[in-house]
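A.B. asks: Can you read through this structure? Questions will come right after.
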Amino acid sequence: MPLKHLLIVYLIGTLQVFLPSFGLAKLFPKAGQEAWKAYVPFYNTWIIQGVNQRPKHWVFWQFIPVVGWFITPGIFIEFAKVFNRFRLREHTMAALLPFFYFPWLASRKDLKFVGPEVVRKHKKKAWREWVDAAIFAIVAATLIRTFVFEAYVIPSGSMEKTLLIKDFLFVSKLSYGPRIPNTPLSVPFVHNYLPVTNGKSYSTLIQLPYTRWFATSPKRGDVVVFNFPAGDTVIHAEHFESAKPYYELQREAAAGSPNAKMILEDRDNYPVVVHPVDKTDNYIKRCIGVAGDVLQIINGNVLINGQVQTAPRYSDRNYTVTVKPNEFLDKNYLESLGILINESVDEDGNMTSDLKGGAGGVYDINLTATEKELLSKSEKVKSIEPYYITSLDITGLFPYDTLHKWSIDNYGPVWIPKKGASVNLNDSSYSIYVRAIRNYEHNDFYQKDGHYFLNGKEVTSYTFKMDYYWMMGDNRQGSQDSRFWGFVPEDRIVGKAWMIWFSWDSGPRWKRLFRIVK
């Protein structure tokens with residue numbers, strides 16, 4: 001852990017035990033202790049444990065990063081008990097708002113120090129036992145979810161056939177270092193919206209800067225979960241959110257789409273919501289390029305720094321398959337050859353399949369390299385040719401300008417920003433890096449009359465403050481990824497996909513259970 005991060009951890013822990021001191025100083029004399037001892041961080045909790053007749057080694061636990069933050073409230077709750085305070089609301093206040101609670105407690109005229117003997121004789125009601133156990137479970141689960149691993153379900157086919165729709169994953173937070181939540185005031189176990197009211201699940205009253213402990217960088221080939229970079233501003237309505245990003249609608253409106261203009265102007269039916277970094281929707285893709293790489297795609301093949309990269313084992317692409325006269329292909333036959341054909345229902349209720357066509361004996365099929373070899377040996381097949389997507393409306397492909405005439409299968413070259421490295425600013429680079437400089441690194445950055453201005457000063461280059469990554473789905477021709485919305489900043493990285501713990505498709509996919517994601 002970097003020294004700066006470690007200092008932040010201990011600063012938070014120190015404030016936890018110091019801020020309540022002004023109330024504790026008035027309570028200590030009632031417990032037979034000198035008031036000044038309340039003002040010495042951690043020595044005050046040592047004294048409290050002595051008064052409570054509770055194990056003093058708890059004080060040393062307070063110095064364990066993160067864990068210590070949850071030991072301190074427990075010490076404060078035990079201290080409230082020796083003043084005959086056993087109600088749930090008072091224990092909640094002692095744990096969450098001790099800097100308000102203890103001054104209030106000291107001001108009570110009926111306050112009486114009863115000592116640890118009364119505490120030991122006090123019996124909780126059965127419902128309190130359940131409530132206390134539930135609170136402990138929520139706190140423990142929140143800690144695990146924030147700092148160790150989180151469950152995630154695959155919502156789309158962009159990672160086929162490595163990951164399938166309704167694969168349930170464990171995502172490791174430790175792989176790249178746990179990220180401290182930007183919005184710590186949020187409802188546990190939900191992401192950005194509440195399940196019933198559909199309102200925000202978090203408050204922006206407190207927002208913390210980007211901090212990651214034990215940080216390591218994603219490597220090429222890692223399957224990564226991250227916060228969708230273009231999902232910071234969304235239309236909060238069905239079929240929109242990250243599926244139809246707000247910025248995409250803006251580009252369509254600028255290109256003259258009346259429907260996009262209508263949606264953007266109708267804020268009552270299509271409200272705009274701005275999410276903090278950690279509350280944008282989660283995406284999962286494969287890391288194809290890391291900071292400092294030069295990426296290019298030629299006829300569907302990915303090149304990094306000029307070297308062709310081997311496609312992931314289960315990565316698939318579209319092929320045009322022509323069968324011999326009087327022959328046909330169907331799902332059962334293909335699966336008998338060992339070729340997986342995925343079928344699913346999209347958000348509009350339409351059936352989608354890896355097997356399409358058939359008219360005139362010509363099919364479009366999504367195949368991995370291994371499956372292509374299997375199918376090429378079939379006596380039914382006349383030819384198999386790769387299908388390339390050679391054109392795309394420039395309003396939908398990053399960087400959305402007329403200078404870079406790229407397509408899904410022929411893209412780049414593009415340099416991926418690296419922390420501390422600089423890029424020269426010109427017409428070509430401006431459109432590629434303007435969002436990273438302006439939105440991700442929080443600068444006032446614009447172009448005017450062929451000149452570039454950064455925070456009010458004219459510049460000719462820019463030095464990046466963060467590392468960035470290029471993410472693509474294994475279903476290379478059916479994935480909304482960096483080719484559509486650009487770079488993923490390091491502060492959006494959530495964790496590494498680790499293991500499929502369950503999978504469902506009209507029943508459990510038993511063969512996929514407990515499979516390590518590669």
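The values are calculated or read from the model by the stated rules, or taken from the named source; none is laboratory data. Keep in mind that what you see is a predicted model, and the values were worked out from it rather than measured. For neighbour counting, all protein chains shown are included, and Cβ atoms are generated from backbone atoms with ideal geometry for every residue, glycine included.
A.B. asks: With respect to Val362, is the statement that it is within 21 Å of Val223 (Cβ to Cβ), out of contact with any helix residue (DSSP H, G or I) (no Cβ under 9 Å at 6 or more places or on another chain) and among the hydrophobic types (A, V, I, L, M, F, W, C) true?
C.D. replies: Values: within 21 Å of Val223 (Cβ to Cβ): no; out of contact with any helix residue (DSSP H, G or I) (no Cβ under 9 Å at 6 or more places or on another chain): yes; among the hydrophobic types (A, V, I, L, M, F, W, C): yes.
No, not satisfied.
Yes/no matrix, rows are residues, columns are (1) part of a loop (DSSP other than H, G, I, E, B); (2) surrounded by 16 or more Cβ atoms within 10 Å (Cβ to Cβ):
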position	(1), (2)
Ser383	no, no
Pro399	yes, yes
Lys418	yes, yes
Tyr433	no, yes
Glu458	no, no
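A.B. asks: For region 1-58, what are the residues that are of a type in the set (Val, Ile, Thr) and either without any contact (Cβ under 8 Å) to a residue 60 or more places away in the chain or closer than 30 Å to Ala215 by Cα (or both)?
C.D. replies: Just the residues of region 1-58 that are of a type in the set (Val, Ile, Thr), to begin with: 8-9, 12, 14, 17, 40, 45, 47-48, 51.
Those that are of a type in the set (Val, Ile, Thr) and either without any contact (Cβ under 8 Å) to a residue 60 or more places away in the chain or closer than 30 Å to Ala215 by Cα (or both): Ile8, Val9, Ile12, Thr14, Val17, Val40, Thr45, Ile47, Ile48.
A.B. asks: Look at Leu105 and say whether it is more than 27 Å from Gly23 (Cα to Cα) and in contact with a helix residue (DSSP H, G or I) (Cβ under 9 Å, 6 or more places away or on another chain).
C.D. replies: On the way: more than 27 Å from Gly23 (Cα to Cα): no; in contact with a helix residue (DSSP H, G or I) (Cβ under 9 Å, 6 or more places away or on another chain): yes.
Spelling it out, it is not the case that Leu105 is more than 27 Å from Gly23 (Cα to Cα) and in contact with a helix residue (DSSP H, G or I) (Cβ under 9 Å, 6 or more places away or on another chain).
A.B. asks: I'm trying to understand the selection: among the residues of region 460-500, which are of a type in the set (A, V, I, L, M, F, W, C) and free of Cβ contacts under 8 Å to residues at least 60 places away in the same chain?
C.D. replies: From region 460-500, those of a type in the set (A, V, I, L, M, F, W, C) are 464, 466, 470-472, 484-485, 487-488, 493-494, 497-500; that's our starting set.
Within region 460-500, Phe464, Met466 meet the criteria.
A.B. asks: Which of the residues that make up region 20-69 are polar (S, T, N, Q) and more than 20 Å from Phe83 (Cα to Cα)?
C.D. replies: Filtering region 20-69 for residues polar (S, T, N, Q) gives 21, 33, 44-45, 49, 52-53, 62.
If the condition is that a residue be polar (S, T, N, Q) and more than 20 Å from Phe83 (Cα to Cα), then Gln62 is the only one that fits.
A.B. asks: Also: Within region 123-149, take every residue that is surrounded by 11 or more Cβ atoms within 10 Å (Cβ to Cβ), outside any helix (DSSP H, G or I) and not aliphatic (A, V, I, L, M) and give me the one that is farthest from the chain's Cα centre (by Cα).
C.D. replies: Lys124
A.B. asks: May I pose another question? Go through region 232-273 and give me each residue that's closer than 26 Å to Phe487 by Cα, part of a helix (DSSP H, G or I) and of a type in the set (S, T, N, Q).
C.D. replies: Gln250
A.B. asks: Here's something else I'd like to know. Does Gly199 meet the test of being crowded, with 20+ Cβ neighbours inside 10 Å and not acidic (Asp, Glu)?
C.D. replies: no
A.B. asks: Across region 38-70, which residue is modelled with the lowest pLDDT among those that are assigned to a helix (DSSP H, G or I), buried (at least 18 other Cβ atoms within 10 Å of the Cβ) and touching a Gly at 6+ places or on another chain (Cβ under 9 Å)?
C.D. replies: Applying the filter and picking the extreme gives Gly68.
Results for (1) polar (S, T, N, Q); (2) in contact (Cβ under 8 Å) with a residue 24 or more places away in the chain; (3) in contact with a Phe, Trp or Tyr (Cβ under 9 Å, 6 or more places away or on another chain), shown as yes or no for each residue.
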{"position": "Glu90", "(1), (2), (3)": "no, no, yes"}
{"position": "Leu96", "(1), (2), (3)": "no, no, no"}
{"position": "Trp104", "(1), (2), (3)": "no, yes, no"}
{"position": "Arg108", "(1), (2), (3)": "no, no, yes"}
{"position": "Val114", "(1), (2), (3)": "no, yes, yes"}
{"position": "Arg120", "(1), (2), (3)": "no, no, no"}
{"position": "Trp127", "(1), (2), (3)": "no, no, no"}
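A.B. asks: Follow-up question, since we're still on this one. List the pairs whose first member sits in region 353-370 and is within 19 Å of Gly157 (Cα to Cα) and free of Cβ contacts under 8 Å to residues at least 40 places away in the same chain, whose second member is assigned to a helix (DSSP H, G or I) and among the aliphatic types (A, V, I, L, M), and whose Cβ atoms are under 9 Å apart, counting only residues at least 6 apart or on separate chains?
C.D. replies: Note: pairs meeting the criteria are Leu355/Leu334.
A.B. asks: Right, another one. Looking only at region 355-368, count how many residues are in a helix (DSSP H, G or I) and loosely packed, with under 15 Cβ neighbours inside 10 Å. Spell out the reasoning first.
C.D. replies: Just the residues of region 355-368 that are in a helix (DSSP H, G or I), to begin with: 359-361.
Checking which are loosely packed, with under 15 Cβ neighbours inside 10 Å leaves us with 359-360.
The total comes to 2.
A.B. asks: Let me ask something additional. Considering only region 477-518, state which residues are modelled with pLDDT under 95, among the polar types (S, T, N, Q) and either more than 27 Å from Asp467 (Cα to Cα) or not in a loop (DSSP other than H, G, I, E, B) (or both).
C.D. replies: If the condition is that a residue be modelled with pLDDT under 95, among the polar types (S, T, N, Q) and either more than 27 Å from Asp467 (Cα to Cα) or not in a loop (DSSP other than H, G, I, E, B) (or both), then Ser503, Ser506 are the ones that fit.
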